[in-house]
Structures are given as C-alpha cells and as structure tokens.
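Participant: Structure provided below as structure tokens; questions to follow.
The values are calculated or read from the model by the stated rules, or taken from the named source; none is laboratory data. Bear in mind that the values here come from a model prediction, so they are computed numbers and not experimental data. Every residue, glycine among them, receives a Cβ derived from its backbone with ideal geometry; neighbour counts consider all protein chains shown. Surface areas here come from the heavy atoms of the whole protein model, side chains and all, with no ligands, DNA or RNA. Shrake-Rupley method; radii C 1.70, N 1.55, O 1.52, S 1.80 Å.
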2 protein chains.
Amino acid sequence: MLDRNEVIRSDTEFISSARRAPETRFVVYSGPRALLKPALPITPKDMDGQQLASLGLDPAEAVFLGLSGQTPWFAVDIASASDEIQTSCAADGRFETLAAIQDPIAGDAWSVLAQARALLAWNAAAKYCSCCGALTEMLSAGYQRSCTDTSCGALHFPRTDPAVIVRVTNGDRCLLARQPSFPPGLQSVLAGFAEPGETLEETVVREIKEEVGLRVGDPVYIASQAWPFPTSMMIAFSVEAAEETIRIDGREIEAADWYTREEIRQRMSDGSLVLPSVKSIARRLIDDWLDNL
Amino acid sequence: MLDRNEVIRSDTEFISSARRAPETRFVVYSGPRALLKPALPITPKDMDGQQLASLGLDPAEAVFLGLSGQTPWFAVDIASASDEIQTSCAADGRFETLAAIQDPIAGDAWSVLAQARALLAWNAAAKYCSCCGALTEMLSAGYQRSCTDTSCGALHFPRTDPAVIVRVTNGDRCLLARQPSFPPGLQSVLAGFAEPGETLEETVVREIKEEVGLRVGDPVYIASQAWPFPTSMMIAFSVEAAEETIRIDGREIEAADWYTREEIRQRMSDGSLVLPSVKSIARRLIDDWLDNL
C-alpha cells in the first residue's frame, strides 16, 4: 500500500520535481480505462518518467498517489493524447475499464487503481468553480482545486459518494434482484446512494423500502470498498427482513425474489443465474452467506 | 421521519403546486443558520406557505424534504432577503447554526435540519457546472442540477462527504486529542475525511497514523450520523491501539493523551476537560466508553 502522505503532497517544490524524476512511477488512464498488464492477477501497467517523456506525454497535471518507500507514484490521464500515442502506450498491455474486469484483483492493485481513477475523474469534472463558473486550478497535487477568481476563491475537494449495498435475508433465504440495466441472468443484492442528511442505517431502510417494499430490522455493518465508477464508496450491510412479501418498484428493480442457498447453487450451475463479479463487495456479501459466514 | 419519496420529487407538476399549497411546511435557513423555536428540546420553527408569502418570500427555489403523511415539507434559504424580513422571520424564534447547538436535540429534528442544510448548501454551491462553467438549473426539487449548456448537459448530484470518527483505546484508557481550533479545554476523539479510493477502514488506520502516530488493530464499526457542516457524514469506529507512544503531528493535532475513565470524570468535574456537545456522535463514542457500553 502507498503512503498517501498529505504533508508531502502540499509541498509544491517536492511535487513538481517528483513529477519529473526518472524513478517516479505513473499509473496511466485514458478516461475511464486503466492501462493494465496482460498477466493475471490484474495489476496496473505503470510507466516511469522516461517512458512517458519518450511518448511525448506531459506529467504536469499528474495527480499524486503516494510514496512506496522513497518512490513517488502518480496517476496521469492521457485521454487527450493522439490515437498513435495511446496505441504505443497499450503495447504489451491493454486499456480496460475497471467495471469490465471479471478476474480476481488483489486488494492493493484495486486500491491504487481506484484511487487513481477517482482522483483523475474528480479533477477532470472540477475544472470550473461550481460557485461562480470561473476556471479552477489544481493544488496539493490533485487533492484540492481553487477558484482562480480571487473575489470568489472557493476551495474544492475531491468527492467520494457513499452508497450502501445490502444483503437482505429472511430466515434461510436471501433476496436477489435485477436492475433493468443488468446483463442477462445477472442478479445481485440491493444498493443505493446515501442522501443528504441521512445516516447509513437510514439509507439502508429507505432503499429497501423503495426498491422492494420490505420493512427490515436493524442493519448490521459488514465492510466497505472503494468503488471508482467514478467516485463512489460501497458500504456493505446485512439486514433481516421483517416481512416476506416483495413489492418491486418496477423502475430501479425489475425483478426480485427470495432464494435458498441450494437454489442459488443450482441456478448458478445450470447457468440461469449469474452473480456479480468476484471483485465486488456485492459478490462477497452473497458468497459469505452461501458459506454461512 | 419524513418520506423522502424520490418518485414524487421528480414530478415537476406536483412539486410546483406543492410549493404554493397553503398546507405545505417550510424549514427556514439563512445561510448556515437554521430558524429554531425558542423552547427545548430543539426543533425547527417551520412556516406555512401563507407566512412565507406574507413576508414576501418566494418558494420557487425551495428544496423538497419529504412528506409527513400528506403534508409536503420543503426547505428554503432566505439569506438574500432584506434584514427587515429576516428579523420578522426570527420573531418568536431565533436563527442559529447547528454547530452552535449545545442542548440535546431529538433524532428527527436533527435529521430534518441536517437534510435541509445539506441540500440548501449543495444547491447554493452548485449554481455553475463544474465541467464547463455554464449555469446549472435545479431538477428533482433540489436533488439534481443540470448544465444549461446543451453541448455539455452534465448532471450533478448532491454531495455527501464521508468522514470517519474514531475512539482509540489502549486497555482501560481512551485517547483524547485537541485540534488547534478547539475552544479552551475541549478534547475529543479523532476524525478525518475519507480520501479517493479508500475503504473506511483504511481511512481509520491512515488518520490515526497521521495525527497521533499510532498503529492500530482492526477498526470496529459503531454507527453513523449526518453531520451537515455543511455536507458531511460521520461514520464512527472504535479501535484498539497496538502501541502506547503517541507522536502527534503538531499540525492537525496539538495535544493528545491517554485517559482512564476516572481521569476523564475527575477532569470534567474540575472543569479542566470539556467534551464535545451531546448532539455529536463524538460524544456518544466517549460516553458509551465511560459507561462500559
């Protein structure tokens, strides 16, 4: 894991020279697509400063990820580079969205790829001041942006959007549901963003009520996961339903039902049920339940 | 508690007529200051549409909070109204920031005041598109804003900034710390914002390491609380320190030490220690520990 070192990232002299140092490593994105090594398990295909320079890529807007020992790590978005340069970058590697990854991915690789994507996406979407419309400029190596209109001067910080993801059980059955946008066969647990003024527990109760019409008991916290699509965080809970009758909203959820462990295993083996990818906390919630954890 | 009803708030006809309906209730803010009733326990001094109209206040930009039975509740920011109107509003009540409240406040009053503040603050700070600098316009009664430049068309959603707040213990002692900005005598538990790409557990470990130099065990989730200053959410954990020697950063934390329950009670009674206000989850973390909960 990288040392994010919030003192160092505010040191403009250090950051500026680290962006040009030959030993510095760069995680590379082209918009939402990360540059990955072809081998499994999945890891970023990082570059050093010389490789970047030889491709004519400028690290001036690279965001700081942290230190690995003494080695600075940054992330750079090359979406505006030519097709030719992007093709050169992808030699011996591939650009892929994190969403498309179905293979297992190690926690530290996920962490650095998620940090890079969330920071780059926020900086790209915060080029103008939301208070006054003037241009912003990057500070703290990507962890702040300030309004360039001195009469406004608003400071902006990266956003992280907390969402809950919830395993709803009823005795020995678990709720699985389909959103209209899911690929064929896919079913998952329920999820939704926290709204202004809510506790996470209130979000859990509200989302379940809205999406499947169920009253539930007290939510139990399980774990959390960075979910960089582009700047979310998934916060996982389990909860026991206080009633059985599902009433789907027909909008966010197009189908939902209760399944025993046996039914899930049977339908996975005959191909009529697909669970979320193994990288997701949604899958962990289901797998842990299947294993009685 | 209000039914936030995300279907109804996207119904522009309903919202537009509800903003003008005589039975509709309005929670009133002037910038960060909420209009409160003078009596305890603290509750918002809400107004109906006729009171708003008699003061010449326009509910066109009021944000939707939810339904209480059939009654719509909105929140309105009157910061741009004249001093005279603001004084009239405060008759038989008072404007006060939520931060200044030291008295106990019921969960449902906190919830509605937090929702109103977070939504109004976000709408006020998102008047321009952060992607292109054009004006935005309110959609979904305050839960979305869209860019008015059709070539951009970006959609923006309210932000909620997740932060962790952590009770660190070492055997029978609890860590209390001072930030330089605290009033005299105040000490509290540690807190900090989640950063892009982190899990909540990683935030806990990083913040403690940064602020007081301690390695810790596995964080245990306790609870969460809306913290509308202006759009945060506090997510509380407890954790056991793996070492005793505190090394403060001297920047975010100016003093920190271990205290037994007896020492905390003694210092509270002689006035040399002030704990955070009873409305805060910080105080609950400390009080629960004092009570061995």
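Participant: Quick check, is A:Glu137 open to solvent by 30 Å² or more (accessible area, probe 1.4 Å), of a type outside the set (Gly, Ala, Ser), modelled with pLDDT of 95 or more and out of contact with any Gly (no Cβ under 7 Å at 6 or more places or on another chain)? Walk me through it before giving the result.
Facilitator: On the way: open to solvent by 30 Å² or more (accessible area, probe 1.4 Å): yes; of a type outside the set (Gly, Ala, Ser): yes; modelled with pLDDT of 95 or more: yes; out of contact with any Gly (no Cβ under 7 Å at 6 or more places or on another chain): yes.
When the stated conditions are applied, A:Glu137 passes them.
Participant: Would you check which residues across the stretch A:126-174 are within 12 Å of chain B (Cβ to nearest Cβ), β-branched (Val, Ile, Thr) and assigned to a strand (DSSP E or B) and list them?
Facilitator: Selection gives A:Thr136, A:Val164.
Participant: A further question follows. Is it the case that the stretch B:270-278 has a residue that's surrounded by 15 or more Cβ atoms within 10 Å (Cβ to Cβ), modelled with pLDDT under 95 and more than 14 Å from chain A (Cβ to nearest Cβ)? Quick ask: steps written out before the conclusion?
Facilitator: Initially, the stretch B:270-278 is screened for residues surrounded by 15 or more Cβ atoms within 10 Å (Cβ to Cβ), giving B:273-277.
Checking which are modelled with pLDDT under 95 leaves us with B:277.
Pick out the ones that are also more than 14 Å from chain A (Cβ to nearest Cβ) and you get B:277.
Within the stretch B:270-278, one or more residues are surrounded by 15 or more Cβ atoms within 10 Å (Cβ to Cβ), modelled with pLDDT under 95 and more than 14 Å from chain A (Cβ to nearest Cβ).
Participant: Considering (1) open to solvent by 10 Å² or more (accessible area, probe 1.4 Å); (2) at pLDDT below 95, say which one A:Cys132 fails and leave the rest.
Facilitator: Answer for A:Cys132: the failing condition is (2).
Participant: Quick check on my filter: what residues within the stretch B:184-194 are open to solvent by less than 20 Å² (accessible area, probe 1.4 Å) and under 30 Å from A:Trp227 (Cα atoms)? Give the derivation first.
Facilitator: As a first pass, look at the stretch B:184-194 and keep what is open to solvent by less than 20 Å² (accessible area, probe 1.4 Å): B:187-190, B:192, B:194.
If the condition is that a residue be open to solvent by less than 20 Å² (accessible area, probe 1.4 Å) and under 30 Å from A:Trp227 (Cα atoms), then B:Val189, B:Leu190, B:Gly192, B:Ala194 are the ones that fit.
Participant: Can you go through B:Arg247, B:Arg215, B:Arg251 and tell me which one is exposed (fewer than 15 other Cβ atoms within 10 Å of the Cβ), within 14 Å of chain A (Cβ to nearest Cβ), charged (D, E, K, R) and closer than 30 Å to A:Trp122 by Cα?
Facilitator: Details: B:Arg247 fails: closer than 30 Å to A:Trp122 by Cα; B:Arg215 fails: closer than 30 Å to A:Trp122 by Cα.
It is B:Arg251.
Participant: For a quick check of your reading of the model, give me the residue pairs whose first member lies in the stretch A:144-159 and is more than 21 Å from B:Phe157 (Cβ to Cβ), whose second is acidic (Asp, Glu), with beta-carbon atoms closer than 7 Å and at least 6 apart or on different chains.
Facilitator: Listed pairs, sorted by first residue: A:Ser146/A:Glu137; A:Thr148/A:Glu137.
Participant: Which residues, counting only those in the stretch B:204-232, are without any contact (Cβ under 8 Å) to a residue 40 or more places away in the chain and at negative phi? If you could, list the steps in order and put the result at the bottom.
Facilitator: Here is the first cut: in the stretch B:204-232, the residues without any contact (Cβ under 8 Å) to a residue 40 or more places away in the chain are B:205-206, B:209, B:213, B:215, B:217-218, B:220-221.
Selection gives B:Val205, B:Arg206, B:Lys209, B:Arg215, B:Gly217, B:Asp218, B:Val220, B:Tyr221.
Participant: A further question follows. What's the number of the condition A:Val239 fails, among (1) β-branched (Val, Ile, Thr); (2) crowded, with 19+ Cβ neighbours inside 10 Å; (3) modelled with pLDDT under 95?
Facilitator: Unmet for A:Val239, out of (1) β-branched (Val, Ile, Thr); (2) crowded, with 19+ Cβ neighbours inside 10 Å; (3) modelled with pLDDT under 95: (3).
Participant: Considering every residue within the stretch B:71-80, establish whether at least one is over 20 Å from B:Ser16 (Cα atoms) and under 23 Å from the mean Cα position of the chain (by Cα).
Facilitator: Yes, some residue in the stretch B:71-80 is over 20 Å from B:Ser16 (Cα atoms) and under 23 Å from the mean Cα position of the chain (by Cα).
Participant: Hey, another quick one. With the condition kept exactly as written, say whether any residue in the stretch A:164-183 is open to solvent by 10 Å² or more (accessible area, probe 1.4 Å), without any contact (Cβ under 8 Å) to a residue 12 or more places away in the chain, out of contact with any strand residue (DSSP E or B) (no Cβ under 6 Å at 6 or more places or on another chain) and more than 25 Å from B:Gln144 (Cα to Cα).
Facilitator: yes
Participant: Here's something else I'd like to know. Taking the conditions exactly as written (among the aliphatic types (A, V, I, L, M), in a strand (DSSP E or B) and away from chain B (no Cβ under 11 Å)), does A:Ala177 satisfy them or not?
Facilitator: Answer is yes for this residue.
Participant: OK, next. Can you name the strands (runs of 3 or more DSSP E) wholly within the stretch B:181-275 that have at least 1 residues being closer than 30 Å to A:Val164 by Cβ?
Facilitator: Counting at least 1 such residues, we get B:190-193, B:220-227, B:232-240.
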